[in-house]
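In what follows, a structure is listed as structure tokens, so that the remarks can point back to it.
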Amino acid sequence: MAAAPSCYTKRASVVLPDRTRVLAHLNNGAAGRALAEAILDGRLEDARAMLARDPRLITTAVVDDPKVPQPPAGQYGDLLTFAASRCDADAATMLFAAGMPRDGIRRGNALALAILADSPAMAERLLQAGASPDPQAQGGEDPMRSAISFGHVGGVMTLLRHGADPRWTDRFGIDHVRMAMDAEQTTIAELLIEKGGTLWSVADDGSMAAHGLLETPVVFTSPDLQAARARLVERARSAGLGWPPPDRATVRRQVASGAWPTPAMTKAGMTVAPAVLERMRAAGN
């Protein structure tokens, strides 16, 4: 067995695939287990030979138990994720050659993990091979959310450099700027805005990232984060949308009525995802 991976030391709370839990919950039977063990051990030639004998094993992945809403920590991933857990670029290359989809079998798992590694090399390898920087847009895991949750500015920059959409929103209308504000990561919020994000994306409940600027940070209060917050407040003040922003109920009511966003508001940065707009106007309040 190869030495335990040592490329996730800067962010100690990153949860890597747990060998015991992973191997106990794979599809593809004993052959899938043997292949996963080879990837986890770094036995690349053994893994290559197994895939050559049975290419269908490329689909080997952890199978979730429908009776368990939240799998135990570390019980996740596919072969590409296991390679990412070792920062094994050679294994990724071999898996792609064997037919692995660029986003993996468990879409986005590998990139969402690799983006948190000590070095950007593994994430870069996946992205350069054609992995989407926004796998969550196709129902996969969200690597930008992973980077934001760890305050990893470098990871955010990597994803943006490879084309991540700074205005992507989830099904509730929550965008990445809002996620950054909720996490008190104002430096990341500012970076996303500089790349095209907005403080004024309206979520289902009428909330916007701009509302976060009215709250006092509780955990992350470093001088850099405070300075970024001050710059964001000035940016919001000068947006032409009024400051402070109206309360959430007012925003929701105005959007539902069709009064907002006006063309001028849209130009100033206010956005409402089509699905959010449809739900608000259907509800009528």
>> So, taking all protein chains as they sit and a 1.4 Å probe, how much accessible area belongs to Cys7, in Å² rounded to tens?
In response: 30
> Regarding segment 1-112, what are the three Cα extents along the principal axes, ordered largest first, in Å?
Replying inline: 35, 34, 26
> Within segment 47-73, what residues put their amide N at less than 14 Å from the label point 7 Å along the Cα-to-Cβ vector of Val219?
Replying inline: none
> What lysines sit close enough to Lys195 to cross-link, taking a C-alpha to C-alpha distance under 30 Å and skipping anything fewer than 8 places away on the same chain?
Replying inline: Lys10, Lys267
> What is the helix-to-structure angle for 248-257, meaning the angle in degrees between its Cα long axis and the longest Cα principal axis of the chain, kept from 0 to 90 and rounded to the nearest 10?
Replying inline: 80
> Mean separation of Cα pairs under 8 Å and 6+ residues apart, divided by the residue count of segment 113-156: what relative contact order is that in percent?
Replying inline: 39
> When only Cα pairs under 8 Å and 6 or more residues apart are kept, what is the percent relative contact order across segment 141-285?
Replying inline: 23
>> As a test question: what accessible area, to the nearest 10 Å², does Thr59 have when a 1.4 Å probe is rolled over all protein chains in place?
In response: 60
> Excluding ligands and nucleic acids, what accessible area in Å² is computed for Met94 using a 1.4 Å probe, to the nearest 10?
Replying inline: 10
> Can you list, bin by bin at 5 Å, the percent of alpha carbon pairs in segment 92-166, starting at 0?
Replying inline: 3, 19, 32, 27, 14, 4, 1
> When the chain is treated as a GNM, springs tying every alpha-carbon pair under 10 Å, which of Met181, Met122, Met270 comes out with the largest mean-square fluctuation?
Replying inline: Met270
> How high is the FRET efficiency from Gln226 to Ser13, r the C-beta distance, R0 30 Å, rounded to 0.05?
Replying inline: 0.80
>> With a cut-off of 8 Å between alpha carbons and a minimum separation of six or more residues, what is the relative contact order of the chain in percent?
In response: 12
> Just the accessible area per residue of the chain, please: how many Å² with a 1.4 Å probe?
Replying inline: 47
> Roughly speaking, to the nearest percent, how much of the chain's 1.4 Å accessible area is carbon and sulfur?
Replying inline: 53
> By the gyration tensor of its Cα atoms, with a ≥ b ≥ c the square roots of the eigenvalues, what is the shape of segment 82-219: rounded for a/c under 1.5, prolate for a/b over b/c, or oblate?
Replying inline: prolate
> From the Cα gyration tensor of segment 142-285, with a ≥ b ≥ c the square roots of its eigenvalues, which class applies: rounded if a/c is under 1.5, or else prolate if a/b is larger than b/c, or else oblate?
Replying inline: prolate
> With the Cα gyration tensor of segment 159-223 giving a ≥ b ≥ c as the square roots of its eigenvalues, does the rule (a/c under 1.5 for rounded; else a/b larger than b/c for prolate; else oblate) give rounded, prolate or oblate?
Replying inline: oblate
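The values are calculated or read from the model by the stated rules, or taken from the named source; none is laboratory data. Remember, it's a predicted structure, so these values are computed and weren't measured experimentally. Note that we place each Cβ from the backbone using ideal geometry, even for glycine, and neighbour counts take in every protein chain shown. Surface accessibility is based on the protein's heavy atoms, side chains included, excluding ligands, DNA and RNA. Shrake-Rupley method; radii C 1.70, N 1.55, O 1.52, S 1.80 Å.
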